[in-house]
Amino acid sequence: MAHAATHDHHDDHHGAPSNFFVRWCMSTNHKDIGTLYLVFSLLMFFIGGSFAMVIRAELFKPGMQLVQPYFFNEMTTMHALVMIFGAVMPAFVGLGNWMIPLMIGAPDMALPRMNNLSFWILPFAFALLLSTLFLPGGGPAGGWTMYPPLSMQGESLAYVVFAVHLMGISSIMGAINIIATILNMRAPGMDLLKMPVFVWSWLITAFLLIAVMPVLAGAVTMLLTDKYFGTSFFNAAGGGDPVLFQHIFWFFGHPEVYIMILPAFGLVSEIIPTFARKPIFGYKAMVFAIASIAFLSFIVWAHHMFAVGLPLGGEIFFMYATMLIAVPTGVKVFNWVSTMWGGSMTFETPMLFAIAFVILFTIGGFSGLMLALAPADFQYHDSYFVVAHFHYVLVTGAVFAIIAGTYYWLPKWTGHMYSETWGKIHFWNSVVWVNVLFFPQHFLGLAGMPRRIPDYNVAFANFNMISSIGGFLFGASQLIFVGVIVHAVWFSKKKAPDRAWEGAKGLEWTVPSPAPFHTFEVPPVIHDEELAHGHVED
Amino acid sequence: MTKNWPTATSKIETLHDRSGLAPGRAEAKRMKQTSRPVIEEARKKGARRTAMVVGAIAFAIFLLSLLQGLRYS
Ligand SMILES: [Cu+2]
């Protein structure tokens with residue numbers, strides 16, 4: 001398993017294998033595995049999206065119209081699990097696989113065979129998870145957080161736990177690979193503090209994964225033994241404590257949300273300098289801010305539990321610790337703005353998504369700050385305000401950054417320019433409808449509408465209808481994205497230059513477009529002026 | 001990881017000496033990037049070691065989380 005990096009000599013000068021099965025199922029090539037991850041993630045994005053459409057359709061009007069309550073609960077649970085573990089995380093791993101070796105001048109990931117295994121576990125994990133929807137007793141319906149005792153009902157738990165274990169193993173192996181790659185495979189001269197911010201963000205994220213995925217595995221293992229092996233970790237009747245699960249779960253869960261946002265920070269930090277034609281403002285501050293956010297993410301978990309009855313000291317500690325995260329996050333937002341300040345900016349699709357990220361993610365950050373206020377959280381807790389908050393962070397944050405990164409590197413991957421017109425149509429539709437979808441949910445939550453319910457008081461009718469319309473149109477807009485990608489891969493006639501964007505810096509732009517099957521087999525000689533931050537002094 | 005750092009060849013190198021150079025980097029610089037086996041060997045060894053250490057940490061954390069469950073239930 002620990003076979004390192006570089007390819008054996010006999011296949012040095014070959015391109016991709018011509019046999020479809022050999023090429024894709026047995027791949028050890030970081031670019032092909034990256035592509036697999038990205039395609040898988042797009043597929044999951046649409047499966048999870050279709051669940052969201054069911055949710056918004058049922059909530060279009062008050063009253064029960066389309067689905068049974070249990071099925072509705074399955075939809076909210078599965079939507080979250082699929083989007084978090086199937087769409088967002090694999091998308092970042094895919095981008096990391098494709099770009100980290102190219103950005104640090106390495107020939108491949110450090111552990112290519114483990115890379116193959118990390119990916120191919122995922123289709124099995126999700127086939128297993130999704131198959132629970134067809135079980136006689138139905139799939140999981142207790143929310144993605146799997147709180148006992150609710151999650152212990154029904155027989156799907158064992159399947160879900162096994163699926164979560166598989167996803168966890170995949171993520172841990174992916175993280176090990178990324179750490180080993182970044183620490184061992186950098187080209188001579190690519191010092192740690194010359195690495196692109198995206199690589200830094202992934203290095204730190206990988207350590208977060210290593211620290212928390214095993215905790216999730218521990219939590220679900222205890223759920224499993226509680227249900228099937230007579231233990232009572234979380235069963236009060238046997239001397240256990242259901243709140244213990246929430247502590248363990250959120251010790252994983254809060255760093256998990258940073259796992260989904262730190263690589264997004266990295267992406268935006270690549271894109272904004274390119275289209276502002278200026279180096280990133282405060283490179284070291286950016287790296288340090290990511291590291292501080294990662295550290296703080298371990299000491300804030302109980303802000304998800306203000307309403308369970310924590311001791312007062314706990315409420316206050318977790319409130320202030322959470323608010324502290326605004327400091328490094330603020331540093332990042334101001335640095336992105338300062339990078340744009342005085343730059344010669346152009347507004348191609350990746351830049352549009354990146355700017356939308358900065359503005360809309362910040363809205364999600366502010367509503368997070370509101371939720372961090374322990375006394376106020378008693379009102380907001382489990383309301384649609386929370387739903388609005390984390391969708392701003394995860395959709396206009398993580399997903400927008402993934403889309404921006406895809407547009408940014410699509411010319412490098414395919415060798416063709418995508419259609420800028422259709423990219424802009426995709427952007428404007430996305431940015432308008434996503435706000436129509438999620439902004440009214442703030443009002444619903446403040447007015448008292450609880451989350452995870454299939455029916456609601458007529459007082460909430462108007463905003464729900466607006467939100468649903470936004471949801472349908474946002475969902476439909478993503479089909480444009482697929483169209484743009486398909487066009488760029490197979491139909492675009494416009495050849496991409498090696499350096500697809502005029503202001504782009506970094507090693508990935510020194511290799512041809514499309515990037516050949518093998519790159520940097522001989523470590524490149526690095527000239528500092530080629531790097532985005534070759535000689536930073538700040 | 002690399003016990004004997006080679007003497008720095010430039011001011012820049014001295015500045016960055018402690019900032020985590022890629023194993024093989026120093027050797028490669030000295031050999032003017034002619035020696036691929038040296039780099040590959042260093043990478044292979046380093047990658048294996050990193051994977052073992054990081055994997056062991058992950059497993060230890062898994063056990064610790066179970067222990068936590070035992071202790072507080
Ligand atoms: Cu949190």
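The values are calculated or read from the model by the stated rules, or taken from the named source; none is laboratory data. Please read all numbers here as calculations on a predicted model, not as lab measurements. Glycine also receives a Cβ, built like all others from the backbone with ideal geometry; neighbour counts cover every protein chain displayed. Protein only, heavy atoms only, side chains kept; ligands, DNA and RNA dropped before computing areas. Shrake-Rupley method; radii C 1.70, N 1.55, O 1.52, S 1.80 Å.
Structure summary
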quantity	calculated
Estimated FRET transfer efficiency (A:N457, B:V53; beta-carbon r; R0 45 Å; 0.05)	0.25
Förster radius 35 Å - calculated FRET efficiency between A:E155 and B:L67, Cβ distance, rounded to 0.05	0.75
Segment A:M323-A:A285, length gained on full extension (0.36 nm per residue, minus Cα span)	11.8 nm
Estimated distance in nm for a label pair at A:I425 and A:E502, the labels positioned 7 Å out from Cα along Cα-to-Cβ	2.6
Overall form of the range A:223-298 per C-alpha gyration tensor (a/c, 1.5; a/b vs b/c)	prolate
For the range A:185-258 and the range A:369-443, distance of Cα centres in Å	24
14 Å beta-carbon shell around A:L133, net charge (K/R +1, D/E -1)	-2
Between helix A:384-393 and chain A: long-axis angle, C-alpha atoms, 0 to 90°, nearest 10	10
Separation in nanometres of the label points that stand 7 Å from Cα toward Cβ, at B:V38 and A:V482	5.3
Gain on full stretching of the segment that runs from A:F229 to A:L373 - 0.36 nm per residue minus C-alpha separation	47.9 nm
Residue-normalised accessible area of the range A:90-182, expressed per residue, 1.4 Å probe, Å²	27
Total charge dipole magnitude, the protein assembly as shown, about the Cα centre, Cβ charges on Lys, Arg, Asp, Glu only, Debye to nearest 20	820
Relative contact order [Cα under 8 Å, 6+ residues apart], chain A, whole percent	18
Gyration tensor verdict on the range A:1-155 (Cα atoms; rounded if a/c is under 1.5, prolate if a/b is larger than b/c, oblate otherwise)	prolate
Solvent accessible area, Å² - A:Y147, 1.4 Å probe, full protein context	60
Global form of the protein assembly as shown, assessed from the alpha-carbon gyration tensor, a/c cut-off 1.5	prolate
Sequence-distant residues sharing a close amide H with A:H416 (under 5 Å, placed H)	A:A496
B:L64, A:L216, reordered so the largest accessible area comes first (probe 1.4 Å)	B:L64, A:L216
Under Karplus coefficients 6.51, -1.76 and 1.60, residue-wise ³J(HN,Hα) of the range A:60-72 in Hz, glycine/proline x	4, 10, x, x, 9, 10, 10, 10, 6, x, 5, 5, 4
Probe 1.4 Å, all protein chains present, accessible-area order of B:R48, A:R186, B:R36, B:R71, largest first	B:R71, B:R48, B:R36, A:R186
19 Å Cα cut-off, lysine pairs counted over chain A (separation 8 or more, or different chains)	15
Accessible area of A:L446 in the full protein assembly, 1.4 Å probe (Å², nearest 10)	80
For the range A:166-183, 3J(HN,Hα) per residue [Karplus equation, 6.51 cos²θ - 1.76 cosθ + 1.60, θ = phi - 60°, Hz, x = Gly/Pro]	4, 4, x, 4, 4, 5, 5, 5, x, 5, 4, 4, 5, 4, 4, 5, 5, 6
Protein-only accessible surface order, largest first, of A:W501, A:W422 at 1.4 Å	A:W422, A:W501
Nearest-0.05 FRET efficiency for A:A237 and A:W341, computed from C-beta distance (R0 60 Å)	0.50
